[in-house]
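A short reminder: the numbers here are calculations on the coordinates, not readings from a lab. Model, not experiment: these values are computed from the prediction. Cβ: placed from backbone, ideal geometry, glycine included. Neighbour counts: every protein chain shown.
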Amino acid sequence: MNRKNRVILHSDMNSFYASVELIDYPQYKGLPLAVGGDEENRHGIILAKTLEAKKMGVKTGEAIWEAKKKCPNLIILPPHYEKYLYYSKKAHDIYYDYTNQVEPYGMDECWLDVTGSIKLFESGEKIAEEIRNRIKKELSLTVSIGVSFNKVFAKLGSDMKKPDAVTIINKENFKNIVWPLKCEELIMVGKATKKKLNKIGIKTIGDIAKTKVNILKNILGINGVKLWKWANGIDDSEVRDYHYKSSVKTIGHGITTKSDLVNDNEVRDVFQELAQDISRKLIEYELLATGVAINVRSNLLTRKTFQKKLAYPTFSSLELTEAAMELFKQYDWNSNLRTLTIRAIDLIDDNYAFQVCMFENIKEHERNIKLENTIYSIRKKHGENCITYCNLLVNDKMPTDDREKVIMPYSYN
C-alpha cells in the first residue's frame, strides 16, 4: 500500500489511572472515584477520574477540595506510577503484535500504523476490534480506538466514543463526522487558539476547513496552515517506528516544592537537586549543554523565564547550578517561590571540539567534568542514593514521591 492508502489507529486507554486502580480495588466499581496527587507534596489535584465522577462535574486538573465540593462522596486514591507504567508497557506489547510502528502519545495513548498488516488482518477495523478485546481480556482495561487514514483523524476517532469502542473515520465520511465538531476538538487548538478563532466566527472544524488558508496564517502563523490542512484531512506525518529515536534538543527537570522557597540558599539546593538528574541524562545521551534556562513560579502563580549561554559546553551539575543561580539574580523576590524548572539547552554531541577561552578557568571546568563522571560511575554501580552533596542531605523542600522517575513519552509532529 502507498501513503495515500494508510491505515492509522489511535488507541486511548479509558480513564487510565483510575481504571488501573480499580483492578486492585474492585469494590469501588460504579462509584465516583478519582486518582489525586499528594496534598502533602503540593500535588493536590485530580489526575484522573471515573465516568461516575465525571458525571458529577469532577474535572481533571482541578484541586481535590474543589472536586469534593461538587462530589462530597468522591473516593480519592493516591497515584501509583509504577503500576501505570507496567500496564502501559503491557498494552504496548499487544500493539507490537500487529505492527512495529507504535508511537506513544503520553502513557495511555498510542498511534499505530497498521498499513503493512492489512493483508494479514483484512482491515483496520478488525485489528482495532481485536486489540480492544485483547486489552479487555488480558489487562482488564478498556480502550477507545479511532481508525482513519491519518494520525489527526485517528485521534479524533478515539475521543468520539468512550469507553470501550471503535470509531471509523474514512475519506468518504470525514466531512460528516469531523466537520460538525467544535474547533477545540482538533489537536493543537487550546484555549488561546480557540479564542482567536471564535473571534472571527470560526466555531467548528468545518469552519476551519472552509476558511481561506491565508486568513488562518495571518492569525495563527504557520500553525494556522497546519490546522487548515488537518481540518481538510491532509496529514502526512508518520507514525514513528519503535526503533526511532528523535534528536534531543533540550533536557529539563522541574518540581513543585513541599513548601515555599524563601531565600537564595533554598533555591540553590533545589536547582542542584534538579541539575543532578539533568547531568545524568546528558551523560547517558552523550550530550553537552551550551546554554541553561530557568523558569520560576511564585506562590502568586506568576512566572518568569531566564536563559544564558555557557562559557564551555558541559554536563556538570555544578556548572549547571551555578549558571541557574546567575540567572536567578534577576528575580526580585517580590513573592516566595513554589515551582522551579531548569533546562539544559542548545545541546551538542559530547565529542564536539570547542575553543578554549583565555578569560575562563578551563582547569576548573575539567575538574568539574571529572567529578561528575566519577559520581555518575559510583551511582551507576551502587544506586542513585549512595552519594550526594552534604548541603542536599537536609533539603526538606523537595517532594518525597517518585514521580520524576517515570518517563512520560509525548510527541506529535
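Neighbours of T250 by Cβ distance under 10 Å: Lys/Arg scored +1, Asp/Glu scored -1, total +1. A helix-only calculation puts the chain at -11500 deg cm²/dmol for mean residue ellipticity at 222 nm, using -39500 (n - 2.57) for each DSSP H run of at least four residues, averaged over all residues.
Among the listed pairs K212/K304; K126/K162; K90/K258; K217/K304; K59/K196, a Cα-Cα separation exceeding 26 Å is found for K212/K304; K90/K258; K217/K304.
Give me Rg over Rh for the chain, both radii from the alpha carbons and Rh done the Kirkwood way, two decimal places. Can you show the working numbers first?
Working: Rg = 24.1 Å, Rh = 24.2 Å.
Taking Rg over the Kirkwood Rh, I get 1.00.
Say the dipole of region 179-231 comes from +1 at the beta carbon of Lys and Arg and -1 at that of Asp and Glu; which of N223, I200, M188 then lies farthest toward its positive end? It is I200.
Any idea what % of Cα-Cα pairs in region 106-230 are farther than 25 Å? List each step's numbers first, then the result.
Working: 2583 of 7750 pairs.
For region 106-230, the share of Cα pairs beyond 25 Å comes to 33 percent.
Long hydrophobic helices in the chain: the complete DSSP H runs spanning 18 Å or more by Cα along their own axis with mean Kyte-Doolittle hydropathy of at least -1.0 are 264-285.
In terms of distances greater than 32 angstrom between alpha carbons, the cross-link table entries K69/K161; K70/K210; K281/K397; K151/K210 yield K70/K210.
Comparing D113, D260, D97 in a Gaussian network model of the chain where C-alpha atoms under 10 Å apart are linked, the largest mean-square fluctuation is found at D97.
Comparing mean-square fluctuations of W333, W111, W230 from a GNM of the chain with C-alpha springs under 10 Å, the top value falls on W333. Taking GluC sites (Glu not before Pro) in DSSP loop states with no more than 14 other Cβ atoms inside 10 Å as exposed sites, the chain has its longest site-free stretch at 173-285.
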